[in-house]
Amino acid sequence: MSALEKARRARLARLLNHEDVRRAAARALPRGIREYVEGGAEDEVTLRRNAKAFRDVAFRPRMATWVDRPDLTTTVLGTRIELPVLTAPCGGTRLVHPHGDIGVATAASRAGSIHVASSAAGFTLEEIAAVEGPQWFQLYRFSSRRTMEHLAHRAQEAGYSALVATVDTAVSGYRERDFKNGFSYSMRVNARNAVKLAPQLVRRPAWLTRYFLDGLPFEIPNTAQVTADGRPMALTEMTKGGAGSHSPTWTDVDWLRANWRGPLVVKGLLTAEDARRAVDAGADAVIVSNHGGRQLDGAPATLHVLPRIVEAIGGEAEVLLDSGIRRGSDVLKALSLGAKAVLVGRLSVWGLAAGGTAGVERVLELVRTEMVRTMRLMGCESVSELDPSWLDEDTIPAHRNKKEVEVL
């Protein structure tokens, strides 16, 4: 092992929690890229709600119980995984680090979990699929239904084990930080914008060097074969509504169910009614998600609506959750309320910024360690045991609200 590699590993080992990783990512990234990752829509109300919802829920531990080796394994859509934490689809990760989507997929595989590849990835879906381990493919509609159908066929041929239709992006949320930092929907990699962004970029010479050596990637290669001129869309083009991307409709979900051979997942649901509709359309799983607070500001925290969705479709389809997960204890709270597994987005991207593939591995290692320690303190031997009885019912929103109605 080289001295440089030893130093890098030692630096990552000093990252002890998600805040350490976030700060390391902030030191590595130009302001515009950092806030593209961290930011939410408008006043970022939902962004804050997500994390607060987990903090507000308390455990109900069983004391005087010795747990030697808590079992974290579970099965998601027929795939056995060692860690119930999937890496969520995130566009633009190659701006964060050249390892990008391939680095995140590699880390998920090494952790014994599943990566969900984004159709807005910085690598082709075939390149990402070449990483060993189970992977799902997340689908946008982009400029036309033809684009969606084309990508679904490619994903099938590439060997993705499940298809994820993200339905909460009818238009892009208004992320004001991006505009203030020059990361607008009309941005292009050209001399004019290089000059405009220079004050941010020169302060991060290591990032700038990596970005130049990586070929200045600012495009979505998966769209090259479906645009009129054969040119891939720029990352910012997909957010312009109409001419850019939007989410599949229920009609599109029907088409996907009829044409996709394998499990179908619908991501971005926040109501029991929509979850019921997804299951009726043939979805094998749903992901309770508000896009990490990046879309509809004012939407509820995902943990708050999770129990109602589990109650509505439990047993008919698997329920997963993302948005707001920061620690292993957050994962356990979601599993206790009925989620089969969770997905992490910002956590993995912060790890990527902090140390490439090894940084994502460090983040997943931290989450695993936190889960094991918390389960031992709770007296819980396996994630399969988790249910609402492991939580203080007065701190569970669905239970608290029900009791308040009964009092009235």
Report yes if R14 is touching a helix residue (DSSP H, G or I) at 6+ places or on another chain (Cβ under 9 Å) and surrounded by 12 or more Cβ atoms within 10 Å (Cβ to Cβ), otherwise no. no
Listed by range, helices (runs of 4 or more DSSP H) wholly within the range 22-115 having at least 3 residues that are surrounded by fewer than 18 Cβ atoms within 10 Å (Cβ to Cβ) are 45-56
Got a number for residues in the range 316-356 being within 21 Å of R60 (Cβ to Cβ) and part of a helix (DSSP H, G or I)? 9
Give the residue that is farthest from E82 (Cα to Cα), with candidates limited to residues of the range 296-346 that are in contact with a Leu (Cβ under 8 Å, 6 or more places away or on another chain) and hydroxyl-bearing (S, T, Y). T302
Read through the list (1) under 22 Å from the mean Cα position of the chain (by Cα); (2) in a loop (DSSP other than H, G, I, E, B); (3) more than 17 Å from L352 (Cβ to Cβ), then give the number of the only condition that L15 fails. (3)
Checking A198 against (1) open to solvent by 50 Å² or more (accessible area, probe 1.4 Å); (2) modelled with pLDDT under 80; (3) not polar (S, T, N, Q), which single condition isn't satisfied? (1)
Residue hits (the range 116-128; within 12 Å of T93 (Cβ to Cβ), modelled with pLDDT of 95 or more and open to solvent by 10 Å² or more (accessible area, probe 1.4 Å)) are F123
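Quick grid of which residues meet (1) open to solvent by less than 10 Å² (accessible area, probe 1.4 Å); (2) closer than 22 Å to Q138 by Cα:
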{"residue": "G262", "(1), (2)": "no, yes"}
{"residue": "Q295", "(1), (2)": "no, yes"}
{"residue": "G315", "(1), (2)": "no, no"}
{"residue": "L320", "(1), (2)": "yes, yes"}
{"residue": "V331", "(1), (2)": "yes, yes"}
{"residue": "A341", "(1), (2)": "yes, yes"}
{"residue": "V344", "(1), (2)": "yes, yes"}
May I ask you to say which residue of R141, R146 is charged (D, E, K, R) and touching an Asp or Glu at 6+ places or on another chain (Cβ under 8 Å)? R141
Being within 24 Å of Q200 (Cα to Cα) and either acidic (D, E) or in contact (Cβ under 8 Å) with a residue 40 or more places away in the chain (or both) narrows A28, A53 down to just A28
Among the residues of the range 91-109, is there at least one that is modelled with pLDDT under 95, among the aliphatic types (A, V, I, L, M), in contact with a Pro (Cβ under 8 Å, 6 or more places away or on another chain) and at negative phi? yes
Looking only at the range 219-231, and only at residues there that are open to solvent by less than 40 Å² (accessible area, probe 1.4 Å) and in contact with a strand residue (DSSP E or B) (Cβ under 6 Å, 6 or more places away or on another chain), the one that is modelled with the highest pLDDT: I220
Look at Q135 and say whether it is surrounded by 15 or more Cβ atoms within 10 Å (Cβ to Cβ), modelled with pLDDT of 90 or more and out of contact with any Lys or Arg (no Cβ under 9 Å at 6 or more places or on another chain). yes
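The values are calculated or read from the model by the stated rules, or taken from the named source; none is laboratory data. As the structure is a computational prediction, the values presented were derived from the model and not from experiment. Please note: Cβ atoms are built from the backbone with ideal geometry, for glycine as well, and neighbour counts cover all protein chains shown. In case anyone asks, the SASA skips ligands and DNA or RNA and just uses the protein heavy atoms, side chains included. Shrake-Rupley method; radii C 1.70, N 1.55, O 1.52, S 1.80 Å.
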